[in-house]
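The values are calculated or read from the model by the stated rules, or taken from the named source; none is laboratory data. Quantities reported herein were computed from a predicted structural model and do not represent experimental measurements. Virtual Cβ from ideal backbone geometry, glycine too; neighbours counted across all protein chains shown.
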Amino acid sequence: MDEKSKSVMDKEKALNGHPELQKNLNAITELNVFLESEFQKQFNRSLPMTDHFNDRWQRAQRLGFGKGSNIYDSSYVIGKVTVGENCWIGMFTILDGSGGLSIGNNCTVSAGVHIYTHDNVKATLSNNQLEIERNEVVIGNNCYIAPHSIIVKNVTLGNSCVVAAQSFVNKSFPDFSIIAGTPAKQIGVVKINGNQISFEYFKNQ
């Protein structure tokens, strides 16, 4: 038996004696293959099956997000989460609104970003004698949060902030901040003059 055989379920064996289920699986597989080919033709991309079936913009509408926003099927949304207009919420993100989460208009929350408004650190360390702590996160308009960053409770980001990839943001920052690191700190400012955008980094960085 090769390595692939060891790790792949024998669907034929599992569905033996269940012809209707086998028929349904075949139909779903056929539909997924068709949708994948259409996505490749139209957008030059192949997605997980659930993203072939689900419309990102319709999910955002169901969640009450603002006009033009979209969110991938692989994103987790928990508690009270408010998202403004024209936001892109990437794949494999976590939006934890158990303590209240507000995201402004025209924001990008890149793939793998986790935003938490609660933690159970003290509850765990105290043998659950202390309660889970919750506090809101507020993200302003026009913010870009790069992939795999983590933002924790009690943080406010001003408008037009940029958070670098893989940052751990555990404090608040004002408008036009460039933020990076673990823990994150401000390393520069965003300069906007009409459609001209530049990034000025502090000399000691």
>> Restricting to region 131-168, name every residue that is over 15 Å from residue 89 (Cβ atoms) and not in a loop (DSSP other than H, G, I, E, B).
In response: 133, 134, 138, 150, 155, 156, 157, 162, 168
>> Anything in region 179-201 that is in contact with a Lys or Arg (Cβ under 9 Å, 6 or more places away or on another chain), in a strand (DSSP E or B) and under 22 Å from residue 147 (Cβ atoms)? List them, or say none.
In response: 179, 184, 185, 197, 199
> In region 35-78, which residues are more than 14 Å from the chain's Cα centre (by Cα), of a type in the set (A, V, I, L, M, F, W, C) and assigned to a helix (DSSP H, G or I)?
Replying inline: 35, 39, 43, 49, 53, 57
>> So residue 194 ticks every box in (1) among the small types (Gly, Ala, Ser); (2) farther than 18 Å from residue 107 by Cβ; (3) touching a strand residue (DSSP E or B) at 6+ places or on another chain (Cβ under 6 Å) but one. Which box is left unticked?
In response: (3)
>> Going through 128, 106, 204 one at a time, which residue ends up being closer than 30 Å to residue 48 by Cα, polar (S, T, N, Q) and part of a loop (DSSP other than H, G, I, E, B)?
In response: 106
>> It is to be established whether one or more residues within region 91-98 are charged (D, E, K, R) and either in contact (Cβ under 8 Å) with a residue 60 or more places away in the chain or more than 21 Å from residue 113 (Cα to Cα) (or both).
In response: no
> Hey, any hits in region 184-202 for a residue that's at pLDDT 95 or above and closer than 23 Å to residue 76 by Cβ?
Replying inline: yes
> Within region 67-117, can you find the residues that are surrounded by 16 or more Cβ atoms within 10 Å (Cβ to Cβ) and among the charged types (D, E, K, R)?
Replying inline: 73, 96
> Hey, among the residues in region 151-182 that are farther than 16 Å from residue 107 by Cβ and among the β-branched types (Val, Ile, Thr), which one's surrounded by the most Cβ atoms within 10 Å (Cβ to Cβ)?
Replying inline: 152
>> Name the residue that is surrounded by the most Cβ atoms within 10 Å (Cβ to Cβ), counting only residues in region 127-150 that are more than 17 Å from residue 111 (Cβ to Cβ) and of a type in the set (A, V, I, L, M).
In response: 137
> Given the conditions (1) touching a residue at least 24 places away in the same chain (Cβ under 8 Å); (2) surrounded by fewer than 17 Cβ atoms within 10 Å (Cβ to Cβ); (3) farther than 21 Å from residue 118 by Cα, and given that residue 190 satisfies all but one, which numbered condition is not satisfied?
Replying inline: (2)
